[in-house]
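The values are calculated or read from the model by the stated rules, or taken from the named source; none is laboratory data. Keep in mind it's a predicted model, so treat the numbers as computed, not measured. Cβ: placed from backbone, ideal geometry, glycine included. Neighbour counts: every protein chain shown.
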Amino acid sequence: MNHFYVMRDMLKGIVRRHLNSVLLILCLFVPVIAQAQKQGPGAVTGIILSQEGKPAEAVTVAVPALNKGTTTDTEGRFLLSDIPAGSYLLRVSGVGVKQEERKVTVRNGRTTVADFTLVQIAGELLEVSVTEKKNRYKADVPSSSLRLNEPLKEIPQNVQIITSRVMADQQMLTMADGVNRLVSGATRVEHWADLYTRINTRGSRASAFRNGVNVTSSWGPLNEDMSMVDHIEFVKGPAGFMMSNGEPSGIYNVVTKKPTGAGFNGEASFTLGSFDLYRASLDLDGKLEKTGKLLYRLNVMGQNKNSFRPYEYNNRYVVAPAITYKISDQTTLTAEYTYQHVKMSDPGSAYSFAKEGYGVLPRDFTLVSAGLTPTNIDDHSVFVNLQHQISNQWKLTTQLSYFNYTQRGANVWPDAVNPDGTMIRGIGSWDAKSEYKFGQAYVNGDVQTGKIRHRILGGLDMGIKNFMADFGQYFLLDSVGGEFDSHHPNYGPPNNGYPVWDWSTPLEQRNPNINDQSYTGLYLQDELGFLENRIRLTLAGRYTYVKQNEGGPSYDAKKFTPRVGLSVSIDKQTSAYALYDQSFIPQTGFMRDSSKIKPKTGNNLEVGLKRDWMDSKWSTTLSVYRIIRKDELRSDPDNQQNEQFSVVLGQTKTQGIEFDMKGELLPGLNLLVNYAYTDSKIDEATKAIPDLKVGDRVPGYATHNVNAWLSYKLEQGVLKGLGFSGGFSYMKDRDTWTATSAANLIGLPDYFRLDGSVFWEKGKIRVTANIYNILDKYLYSGTYEDWGGYYSWQTEAGRNFRFNVAYRF
């Protein structure tokens, strides 16, 4: 490990002095101009995927002219060696799939890469569907939007994929519906009444991505409805080639549904549940013309949903069409549009407040009265993705995306909380809109120079984020002598009546809060494979320039972030890895001495072990990490009225252990289980904050986090198709959402929640009944509000139910 630190320090010193030289040195690893060694015959290798993007096992790959052939392994990979130089027809075939043929050119001493995606023959069963059925909870290959062209097992990082099957088993409706429980160490922070999801992992916020685009904002993004989601990818730790800038904890990437080219099929789903939940969705997938060059996917959903709290509701509908045009065998263009409309109650309805501590009010307590202004949200997004196979070794991807979000409503919050439980409620307008534009272009290469394999990734990443919001209008619902009594709430008309908001002036002319950001990033990565790719060394770097404005002077930051990784295949089922990576986040503010604000930086060290078990039916990932964060800003405790100076916190250190296990243990028995130990504390404390000392906890995590979900389906006998599933979530030694300087505070209790379901499948029909919080526990998370001197927390629903009927066609 000492050698690792020496290498890191040397690399950082070189970067500071000779950035251009470092980029040039990295470029030398790109073998674009390298000449192959003229010795020995060549080879053909590749990955065969099903139309759903899953590895296709036991598919035949052959060169008829040479009478040579092989079959793919459990990861969909194949290798044909000892191929003489020349041009050949490569044929891929399997049960229930359309035979594919492609001309490949083989050179002496070179390995030619040829990847295929299979197309199912209408009315027949795709052979790989047997594998997919067995691995409902396990995925082996990330989406192309992560830009990595390799199996998860070979990536020198902890990457976890949440499949659509496990989300369906738990009847998750949005990103806020417990997705964090499916990944080790992920904790949801602040619910905001299903408005948006903030997930913390490894001691800080995980950046939110959609289809490979960083859509993280202060108040978003809007929770993605699961009707539009194919799967979700969690990348632990930083990944400079994927992030413009963000916390070193990692990202989650929501991958939306796209056309599969499998002919006409789809699913209609109907859900009923507690608290007047009524929901219907439709998923259609097919061809717009017979040749299959023009494909479509359409997802629509409508929902009415109330809550266990009075006057709280979340009604929404989604329309998400996507079209794929196969311009040629080498070029594919996909365009998708998503519209989410939400009409919901005041987001402040989810919070409870009290001076004496957490959990002292009934579970269904709310500040919201009937008749308050609803919140209306319109969320639009457009993606245009072009993929071009330049050659057998090189693939170019370009993507343009556009997001437009508008929100109009209000937010209720206590203006004052009294020791006897009475309070004066204040309500502020919440009129906001954002507009994001992104452009990406990157190339993936898989080439051979001598005995070294190169997986190359390089590209350009650009983005503009503009956000503005008006919180300027404020109204007191209650008055002195007519306070709202939290112990005996009156949900009738407030003492001062209802506010009337003036939104006649355009938002831009109301001096709104502004958060604008633009960035440009260049990145390059070469993964060098030695000893027939059993040892893989990753060398990468990214240079990012960011300009940011949060209502004051514009601030810019530029940073080179290196990445060094090593992954070793111990055997066909096991790999070990080590990683050093960096991240940075630009910060804005004002220092009392007028010194320049530095970006917040993160340094990540991680080692791990990945293994597939029982012929790749289930897998485990074990990782150990340490993250150092520097130069984080906090408010200056010496601020007087209207002063907004900041001070540098010092340094924090987060370290931990994470374990994830998923897949099929026995026929019909699928399991997902994870555990995380997290320790995040102040490592260096600034003297500018007297109450801050080394060893203080950094808020927003639980020291111990355990989750499990088990599903079993009978596959034989009279009760064939009947299944049972269930699981729990447990958090111990929890911390609050935000930092506080108050002493002798009440802590959060341990958390335990038990859920279960019964389901039945036969042919095209699936019926599922879920029960949540079986033990009917009073569950919550929260924090202490320093400025108001009171506790705030958000409760979860008690025992409740959902019933779903889905029909596939």
Here the residues within the range 763-782 that are at pLDDT 95 or above and part of a loop (DSSP other than H, G, I, E, B) are 773, 774, 775, 776, 777, 778, 779
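Could you please let me know if residue 763 is small (Gly, Ala, Ser) and free of Cβ contacts under 8 Å to residues at least 24 places away in the same chain?
Details: small (Gly, Ala, Ser): yes; free of Cβ contacts under 8 Å to residues at least 24 places away in the same chain: yes.
So residue 763 fits the description; yes.
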For residue 172: the one exception among (1) closer than 21 Å to residue 725 by Cα; (2) touching a residue at least 60 places away in the same chain (Cβ under 8 Å): (2)
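Take residue 804 and tell me if it is under 28 Å from the mean Cα position of the chain (by Cα), surrounded by 19 or more Cβ atoms within 10 Å (Cβ to Cβ) and not basic (Lys, Arg).
Details: under 28 Å from the mean Cα position of the chain (by Cα): yes; surrounded by 19 or more Cβ atoms within 10 Å (Cβ to Cβ): yes; not basic (Lys, Arg): yes.
The answer is yes for residue 804.
Hey, among 256, 331, 324, which residue is in contact with a His (Cβ under 6 Å, 6 or more places away or on another chain) and closer than 26 Å to residue 212 by Cβ? Even if it seems obvious, please write down each step before you answer.
Working: 256 fails: in contact with a His (Cβ under 6 Å, 6 or more places away or on another chain); 324 fails: in contact with a His (Cβ under 6 Å, 6 or more places away or on another chain).
Among 256, 331, 324, only 331 is in contact with a His (Cβ under 6 Å, 6 or more places away or on another chain) and closer than 26 Å to residue 212 by Cβ.
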Tally of residues being part of a strand (DSSP E or B), under 30 Å from residue 75 (Cβ atoms) and polar (S, T, N, Q) across the range 595-637: 5
Test residue 541 against the criterion of being in contact (Cβ under 8 Å) with a residue 60 or more places away in the chain and either surrounded by fewer than 17 Cβ atoms within 10 Å (Cβ to Cβ) or among the small types (Gly, Ala, Ser) (or both), and give yes or no. yes
Being over 30 Å from residue 152 (Cβ atoms) and either assigned by TED's automatic domain parsing to the domain that holds residue 621 or of a type in the set (Gly, Ala, Ser) (or both) is the filter here, so list the residues in the range 534-572 that pass it. 551, 552, 554, 557
Can you say whether residue 654 is more than 23 Å from residue 754 (Cα to Cα), among the β-branched types (Val, Ile, Thr), within 21 Å of the chain's Cα centre (by Cα) and assigned to a strand (DSSP E or B), as far as the supplied structure shows? yes
Search the range 735-756 for residues that are more than 14 Å from residue 704 (Cα to Cα) and pair each with any residue that is at pLDDT below 95 and not in a loop (DSSP other than H, G, I, E, B) when their beta-carbon atoms are under 6 Å apart and the residues are at least 6 apart or on different chains. 736/783; 737/783; 738/783; 740/784; 742/784; 745/784
Flagged in the range 698-749 as among the aromatic types (Phe, Trp, Tyr) and loosely packed, with under 15 Cβ neighbours inside 10 Å, in numbering order, are 724
In the range 328-360, how many residues are touching a residue at least 60 places away in the same chain (Cβ under 8 Å) and closer than 30 Å to residue 406 by Cβ? 15
Quick one: is residue 204 small (Gly, Ala, Ser), buried (at least 21 other Cβ atoms within 10 Å of the Cβ) and either modelled with pLDDT of 90 or more or farther than 29 Å from residue 808 by Cα (or both)? yes
Filtering the range 238-270 down to residues that are more than 12 Å from the chain's Cα centre (by Cα) and at pLDDT 85 or above yields 248, 257, 258, 259, 260, 264, 265, 266, 267, 268, 269, 270
If we keep just the residues of the range 525-539 that are of a type in the set (A, V, I, L, M) and modelled with pLDDT of 95 or more, which is nearest to residue 245 (Cα to Cα)? 539
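Suppose the filter is over 25 Å from the mean Cα position of the chain (by Cα), surrounded by fewer than 18 Cβ atoms within 10 Å (Cβ to Cβ) and not in a strand (DSSP E or B); does residue 568 pass it? Quick ask: steps written out before the conclusion?
On the way: over 25 Å from the mean Cα position of the chain (by Cα): yes; surrounded by fewer than 18 Cβ atoms within 10 Å (Cβ to Cβ): yes; not in a strand (DSSP E or B): no.
Considered against the rule, which asks whether it is over 25 Å from the mean Cα position of the chain (by Cα), surrounded by fewer than 18 Cβ atoms within 10 Å (Cβ to Cβ) and not in a strand (DSSP E or B), residue 568 comes out as no.
To keep it simple, each residue is scored yes or no on (1) surrounded by 14 or more Cβ atoms within 10 Å (Cβ to Cβ); (2) within 30 Å of residue 416 (Cβ to Cβ); (3) among the hydroxyl-bearing types (Ser, Thr, Tyr).
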position: 456; (1), (2), (3): yes, no, no
position: 459; (1), (2), (3): yes, no, no
position: 480; (1), (2), (3): no, yes, no
position: 492; (1), (2), (3): no, yes, no
position: 499; (1), (2), (3): yes, yes, no
position: 510; (1), (2), (3): yes, yes, no
position: 517; (1), (2), (3): yes, no, no
position: 526; (1), (2), (3): yes, no, no
position: 555; (1), (2), (3): yes, no, yes
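Pick out the one residue from 723, 782 that is in contact with a Phe, Trp or Tyr (Cβ under 6 Å, 6 or more places away or on another chain), of a type in the set (Gly, Ala, Ser) and within 30 Å of residue 415 (Cβ to Cβ).
Values: 723 fails: within 30 Å of residue 415 (Cβ to Cβ).
Criteria check complete, one pass: 782.
Yes/no per residue for (1) in the same structural domain as residue 209 (by TED's automatic domain parsing); (2) part of a loop (DSSP other than H, G, I, E, B); (3) touching a helix residue (DSSP H, G or I) at 6+ places or on another chain (Cβ under 8 Å):
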position	(1), (2), (3)
137	no, yes, yes
140	no, yes, yes
145	no, no, no
148	no, yes, no
161	yes, no, yes
165	yes, no, no
172	yes, yes, yes
176	yes, yes, yes
180	yes, no, no
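Being crowded, with 19+ Cβ neighbours inside 10 Å, of a type outside the set (S, T, N, Q) and over 30 Å from residue 534 (Cβ atoms) is true for just one of 414, 419. Which residue is that? Explain how you work it out, then say what you get.
Values: 419 fails: crowded, with 19+ Cβ neighbours inside 10 Å.
Of the residues listed, the single one that is crowded, with 19+ Cβ neighbours inside 10 Å, of a type outside the set (S, T, N, Q) and over 30 Å from residue 534 (Cβ atoms) is 414.
When the residues of the range 366-384 are narrowed to those that are surrounded by fewer than 19 Cβ atoms within 10 Å (Cβ to Cβ) and touching a strand residue (DSSP E or B) at 6+ places or on another chain (Cβ under 7 Å), which ends up farthest from residue 430 (Cα to Cα)? Steps first, answer last, please.
Applying the first criterion (surrounded by fewer than 19 Cβ atoms within 10 Å (Cβ to Cβ)) to the range 366-384 yields 370-371, 374, 376, 378, 380, 382, 384.
With touching a strand residue (DSSP E or B) at 6+ places or on another chain (Cβ under 7 Å) added as a condition, the list becomes 374, 376, 378, 380, 382, 384.
Working: 374: 11, 376: 10, 378: 14, 380: 19, 382: 25, 384: 31 Å.
Result: 384.
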Given (1) in contact with a Ser or Thr (Cβ under 7 Å, 6 or more places away or on another chain); (2) in a loop (DSSP other than H, G, I, E, B); (3) of a type outside the set (A, V, I, L, M, F, W, C); (4) at pLDDT 90 or above, where does residue 153 come up short, assuming only one miss? (2)
